[in-house]
Each structure stands twice: as structure tokens, then as C-alpha cells.
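The values are calculated or read from the model by the stated rules, or taken from the named source; none is laboratory data. It should be emphasised that the depicted structure is a prediction, and the values quoted were computed from it without experimental measurement. Positions of Cβ are generated from backbone atoms using ideal geometry, with glycine treated the same way; all protein chains shown enter the neighbour counts. Please note that ligands, DNA and RNA were not included when accessible areas were found on the heavy atoms of the full protein model with its side chains. Shrake-Rupley method; radii C 1.70, N 1.55, O 1.52, S 1.80 Å.
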Amino acid sequence: MFRLSHYMHQLIEPTPVRRRKGPVRPVVIWNLTRRCNLKCRHCYAVAADRHFPGELTTSEAIVVLDDLAAFGIPALILSGGEPLSRPDTLDLARRSKAHGLYTALSTNGTTINEHIADEIAEIGFDYVGISLDGIGATNDWFRGATGAFDEALAGVRACRARGIKVGLRFTMTKDNAGELPDLLALAADEGVEKFYLSHLVYAGRGNKHRADDTQWQVTRKAVELLIERAWRSASNGEAFEIVTGNNDADAVTFLRWAQSRFTAEAIAQLRQHLEAWGGNSSGLGVANIDTQGVVHPDTYWSDYSIDSVRNRPFSEIWHDLGDPMLAALRLRPRPLKGRCGACAYKSVCGGNTRIRALQLTGDPWEADPACYLGDAEIGLAAGNSSEADRLQMKPFRGRSHDPAHRFA
């Protein structure tokens, strides 16, 4: 996740660069259930409104939660499916808060009525992210349910009325990119404190519909709009946070935007901050536990399993670098190929989203096909990598694969 507003503030009020020291404890995104009342086109969990056997029991989940707390993770994000469709989700959240963990809820918001909002407030969730994929009918089409927009907006309002920090989450495709300005206006009108733009990742239904991904110029314009909005907020002292996810080229776009507006000294320090962050953090600063207790490098790597919390504690799994993919993801620089390997900004973006490269080429270290920056912008000499090469990347259509052997 690229915290655009955070780094925008570094240009206004710079702070010392803080670099990671020692073992990194990851933010854990925990998919508690695959059950969901909606049928979103881009759902990476391929959720449905039915029971899925084999999900962690309450007692198993408590053991995992206690281990995460003892391990000292910086944040826990409860997700799904729709996490509120699991009867014990709020009880687990209450236990998480009792441990002192930063606890967030990632929800479609449609089931947040007055009673649920009261519970969310009582538990003390640090953040509730509610997903909208457009205004009105556009959102309902993406989410496969008439009335989903109105219900989600009612959930936003119920949380805001109770002083809960709420953010809108927007997954952008070619079919809804034009609604980004309206969603930003909606966030302002509703007093929402955070806006998260997620670029499409080729996982689950998002992989099935990857042809819906935005064209590079559309992506660039959307990111430039967010940069200008973040600059206005930071300049005016507004408490409005913008973040983006799943395309770390956004950080490079931001750095290049700043280069034409600020001093060389300010840019040098900004770049140090961005390099200390390091871009894509799959397998390092981000981890995923799925509904069955299987640990993945992040939520989109469902085809690559490290181990299960039913076999051993998460804290033990995460420190075991005997897993070749986990070890490779933590390398800096990573063993990147193609445009990503030759990029002058790979220390900033970390090679971007590896799962897209895997899905289209069968190799997780090839170039990310969703990088929307041109060769000259990323410091490639003419002839080193052509736009034609990028356009010729074909989807990987092999059987279930083990990419671990490709880290060398």
C-alpha cells in the first residue's frame, strides 16, 4: 500500500527517515470467511453466499489471534468474503482490541445497520474500510446486487455518526474509472476520512476479468488526479488521507510529480523515505491467512501456500525462510527481470505486484504488465525494452503451478 498523503506531508513538513531494523512484523490480512452476500466481479476470494466447509473454528481462530498478538504484528485487518457474515467476527475483533492490536474491518458495508454500528463502535475498531465501485447503478452492477450502493452508503453513515474512522475502498477498472471524481466528492460530502484506490489484481474473479483492467493512460490520469487531490488536502490542512494499493508505480509517479515542483534537497529526502518504505511488501510487511488457515505472501497469492496455522503457529511460519518464495520476496533488490529488473526506480517500487507477472507469464519475476510508466520515464535506454514487448505478454494458461523454482 502506497500512503500517498503521508509522503505528500513529507514535502511540507519533512521528518527523519526511519529504516527497518531487524525482523519485520507484517500487517496481517485475515480472510475469516468466503461467505458473502454480494458477487463482485473482481473478488479475489471468489466468495459466494453459502457455507464453505473447512474454515477455521472459533477455538482455532482464538489460538491464531493470541499468537499474532504475542508475535507483535503492527495491525490486523479482518476481511472475507464479507467478514460480518461470520457470527464470531465481532467477538474476535473484541479479543484483538483487548490484546492492544490495531484492528481494522474490510467490509462491503451493506449489512452495517444501527445495531452492528453500535457494536463496531463499542469494540473500538481503529478503522472500517467500506468498498464502493462507483455511484449508484455502477456499484450495484459491479457487486451483483441491486440496492448495494444505498445499503453500503447507509453503513458509511451509521459508522460516521458514531465517530468511527471510515474509508471508502474503490477497485478501478475500465468500466468505472470515470467515476473516480464522483467518489472523491462523495467522500468529502460524507465526511469520510480516507480514500483507498485499489488497482486491479489478477486473482480470483479479478483474474477472470483481467481484460477489464484500465489502459495505462487511464491509470496514469487517475493517479495524477489523486496526487493533485492529496496536495490540495495537505496544503489546506484537511484531515483527508489518500492511499493506493497494488500498483507501486504510483510512488514513482508521485516522485516524478514532486521533482518538477520542489528543491533537489526536498526530492532527495523524499526519495530516501520512499526507498525506506521499499514499495511492494508481499511476503515481508504484508501477510495473509486465508479462511482455511493457510498462510500466503499476501491476499492475492492464493495458489502459493507457505504453510498452515493448523500445522504450526503463524509466528513460526513467518520466520522460517526455508520457503524459497518467501525468502526471494524478502530480497532487496528482488531477482527482477525485464523492464522491472532494469528500472531506475526498483528501490522505490520494489518491483511492483509480482502476482500479475506470474499470472501473465508463469514467472513471478518478469515485468509487471500493469506498470503504466514509459521506458524513458524509468531510465531505460532506447532499445533495452520496447512497448511492443509489453503488449505481447500473453496470459499464463498452465495448470496449477509451483513458482518457487523461479526465484533464482
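What the range 169-305 shows is 37 Å² of accessible area per residue, with the surface traced by a 1.4 Å probe over protein heavy atoms. A 1.4 Å probe over all protein chains sorts Glu193, Glu316 by accessible area into Glu316, Glu193, starting with the largest. Relative contact order of the range 235-365: 27 percent, from C-alpha pairs under 8 Å at least 6 residues apart in sequence. Here is how the number arises for the chain: DSSP H runs of 4 or more residues each give -39500 (n - 2.57), the sum is divided by the residue count, and the result at 222 nm is -11000 deg cm²/dmol.
Counting other Cβ atoms within 10 Å, which trypsin sites (Lys or Arg not before Pro) in the range 232-319 have at most 11 and lie in a DSSP loop?
Here the sparse-neighbourhood loop sites are Arg261.
What's the whole-number percent of alpha carbon pairs in the range 218-274 lying beyond 14 angstrom? Summing the P(r) of the range 218-274 above 14 Å gives 59 percent of all pairs.
Ligands, DNA and RNA left out, the 1.4 Å accessible surface of the range 243-315 is 45% carbon and sulfur atoms. Dividing the mean sequence gap of close Cα pairs (under 8 Å, 6+ apart) by how many residues the range 318-384 holds gives a relative contact order of 28 percent.
What a 1.4 Å probe finds exposed on the range 335-375 is 58% carbon and sulfur by accessible area, rounded to a whole percent.
A cysteine counts as unpartnered when no other cysteine's C-beta lies under 4.7 Å of its own; in the chain this applies to Cys36, Cys159, Cys340, Cys343, Cys349, Cys371.
For the cross-link pairs Lys39/Lys165; Lys39/Lys221; Lys39/Lys174, which exceed 22 Å when the distance is taken from alpha carbon to alpha carbon? Cα-Cα > 22 Å for Lys39/Lys165; Lys39/Lys221; rest within.
Gyration tensor analysis over the Cα atoms of the chain returns equivalent ellipsoid semi-axes of 30, 26, 22 Å (largest first, whole Å).
Rounded to the nearest 5, the antiparallel percentage of DSSP beta bridges internal to the chain is 15%. Taking 37 °C and 0.692 mPa s as conditions, the range 1-74 diffuses translationally at an estimated 200 µm²/s according to Stokes-Einstein applied to its Kirkwood radius (Cα pairs).
Summing charges over neighbours of Gly124, with a neighbour being any other residue whose Cβ is under 13 Å away from its Cβ, gives +1 when K and R count +1 and D and E count -1. Here the relative contact order of the chain, from alpha carbon pairs under 8 Å that lie six or more residues apart, stands at 18 percent. Sorted into 10 angstrom bins from 0, the C-alpha pair distances of the range 60-121 split as 21, 55, 22, 1 percent.
With each label modelled as a point 7 angstrom along the Cα→C-beta vector, the Glu377-Ser235 pair spans 2.2 nm.
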